[in-house]
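Every read-out reported here was derived from the displayed coordinates using simple, explicitly stated rules and does not represent laboratory data. All values reported here derive from a predicted model rather than from experimental measurement. Note that we place each Cβ from the backbone using ideal geometry, even for glycine, and neighbour counts take in every protein chain shown.
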Amino acid sequence: MKGTGTWMMASCAAVALCLASVALAEAPAQPTAPPKGEAMVASAEITATVTKIDQQTREVTLKTNDGKEYSFVAGDAVNNLAQVRAGDLVIATYTEALAYEVKKGGKGTGAATTVAAGAAEPGAKPAGAVARQTTLSVTIAAIDPKVPSVTFKGPAGNTRTIRVRYPEKLQGVNVGDTVDITYTEALAIKVEKAEKK
C-alpha cells in the first residue's frame, strides 16, 4: 500500500513535467537552464441548500443547484449541528495543488505525509477543514528522447516510466537529477445562514 502512494506521487511528477509547458506557455524558453520547478492549483466549489434536518436522528438532506437531493447522517464530529436550519447553505471547497522542483544530482529524501484539521467554535455554524500534504523525492533513472519518456526511481527502489508530452521541458534535465514533489489536497466545508427574502 505504501508503494502505491509513492508511485502515485511519481506519476504526479511525470504529469507535472508533461503539463508544465501549458502553465508556462507564454514564458520564454531557456534551453540551457534546467527547469527549477512549477506549481499547479485546481479548485472546485459546490453549494447545496439544507432542505430537511432532523436534530434527533441527525439526518440532513441537501439539495444541489442541479436539483439533486442527498441525505446523510451527520456524525458526532459535527459539533454544531443544532445551529443548522432548513434553508441554510452548505458550501464545500476542494483544492488540489502540485508543486515540483528539479534539482541537479542529489539524493532523494523519501516520502512524508502530514495532516491538519480544524473546526468551528462551539455555538457557531458548523465549519471545518482538513488538509493533507505529501512530499516525495524521486530520482530520474533514465531519459529516452526518442519516445520521449522519463523513468523515475522512488525511495523504495521501484521504477516507473512515464511518456513525456512536452519533451522541451526536459532540456537541462539529466539522469541522476532529483525531483522534489509536494502534493496538497484540502477540503473546507462551511454552513451559512440563508438570506432573508
Note down the nm distance, to one decimal, between modelled labels 7 Å out along Cα→Cβ at T114 and at N174. 3.3
Summing Lys, Arg as +1 and Asp, Glu as -1, what charge do residues with Cβ under 11 Å from the Cβ of E69 carry, E69 excluded? +2
Inter-label distance, nm, simple model (7 Å from Cα along the C-beta direction), Q83/T49: 2.2
Hey, with R₀ at 45 Å, roughly what FRET efficiency would V130 and R163 work out to, going by the Cβ-Cβ distance, to 0.05? 0.85
For the pairs K104/K190; K104/K146; K103/K190; K68/K193; K68/K125, flag any whose C-alpha to C-alpha distance is greater than 32 Å. K104/K190; K103/K190
Non-local amide H neighbours of G37 (under 5 Å, H modeled in plane, Pro and chain starts lacking H): which ones? V102
